[in-house]
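Everything below concerns the one structure shown next.
The values are calculated or read from the model by the stated rules, or taken from the named source; none is laboratory data. Just so it is clear, the model here is predicted, and its values are computed rather than measured. Don't worry about glycine lacking a Cβ; one is built from the backbone with ideal geometry, like all the others, and counts go over all protein chains shown.
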Amino acid sequence: MRVIERARQAAKLTLATSLQYSGAMSLIRARRLQNRAVILMYHRIIPESEARFDYAPTGMVVTTPVFDMHMRHLARTHKTVTMPELVTLLDSGEAQDRPLAAVTFDDGWLDNYTNAFPLLQRHQVPATIFIASNFIDDKEYYWLERMKLVLAHAHRVLVTESIPLGQRDALKKALAALNVTDLAGSLHPRLGMFLASQARNVQSLGLTDRCSYLEKIEQIASLAALPDTRYFMNWNEIRTLRDEGITIGAHTTTHTELTSVDASHLQDEIGIGKARLEEELQQTVDHFAYPYGKHNKDIQAAIAANGFSSACTTVNGLVNRDTGRLLLNRVNMHTSVSMTRSMFAYRAMGL
Ligand SMILES: [Zn+2]
């Protein structure tokens, strides 16, 4: 974390803590959230022991104990609802005793089922999970996960395994060709940042280009078989969550940036992704989240034409009765910005 960012976080923590202990937080919350609601956005919930070795971008991870604290706190301070309930209550304009909060997860990660769901149950917090259907059908490994895994593997090989010198040089050379020059250090604190910057560059590429980039780095790390890790839920797990009251929403077919998709192919992502979920769940799917938060007027029109009644963005902020239903702001949660109760409470106000 850069020095300025660290100082900003420290200032926020100090402010949030003093507000919490002065009792001002609940007053501010009551005023700020009057007639407004917060939609929280989560991705992955993983135990601390795993988080230390995980190369996921920090913006996508909340550790299990921190998520436990979030849900305990939220259940006490908010009326927690699913996305369909949130939309209905916003439409009704009914005054609420407590501010509304909807917990959402994007993509369909397996840890939502194994780690988050038991905690949602413990605190009786409902949730909505937006699923990219190809992740579940195993047609497309999430490219960023695959890239992470390959680079993490190359890193481990360089740091811990004794491999023939020639092979080692070949690996380093191949990595250097991709501008990855510093994976051989004993610890690599900047790997997460490196991956995040790669992600920004690669994210805007089309699917074919992205896959060829991935193939290239997979060749580099072909020294040993990659571990057989499953990252996403299967349909049975998703149906179990649905049966337990979790709302399932759509998140396209391949999880591509919709703004880079040709208009004639928008339906492949929006309509087919929806139809695939409906086929497996045998029910309509009415709520949507834009991958990477990317959307425009044509995309919104396609969302409406497919019968979705709401769509979530990744723009930070609260929502109210007047917020466009296809432009719902969310508040992204990750551990480093929400590790104490005060920081969580502060952030959940959309600040
Ligand atoms: Zn996503």
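Give me a count of the residues in region 233-261 that are free of Cβ contacts under 8 Å to residues at least 12 places away in the same chain and among the charged types (D, E, K, R).
Qualifying residue count, region 233-261: 1.
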Of all the residues that make up region 69-111, how many are within 16 Å of the ligand (Cβ to nearest atom) and over 19 Å from residue 283 (Cβ atoms)?
6
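Out of region 234-272, which residues are within 12 Å of the ligand (Cβ to nearest atom) and of a type in the set (Asp, Glu)?
Across region 234-272, the qualifying residue is only 257.
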Quick check: anything in region 308-323 aliphatic (A, V, I, L, M), within 16 Å of the ligand (Cβ to nearest atom), in contact with a helix residue (DSSP H, G or I) (Cβ under 6 Å, 6 or more places away or on another chain) and part of a loop (DSSP other than H, G, I, E, B)?
no
Looking at region 244-296, which of its residues are of a type in the set (A, V, I, L, M, F, W, C) and in contact with a Lys or Arg (Cβ under 7 Å, 6 or more places away or on another chain)?
248, 250, 258, 281, 285
Residue 122 meets each of (1) at pLDDT 95 or above; (2) surrounded by 16 or more Cβ atoms within 10 Å (Cβ to Cβ) with one exception, condition (2)
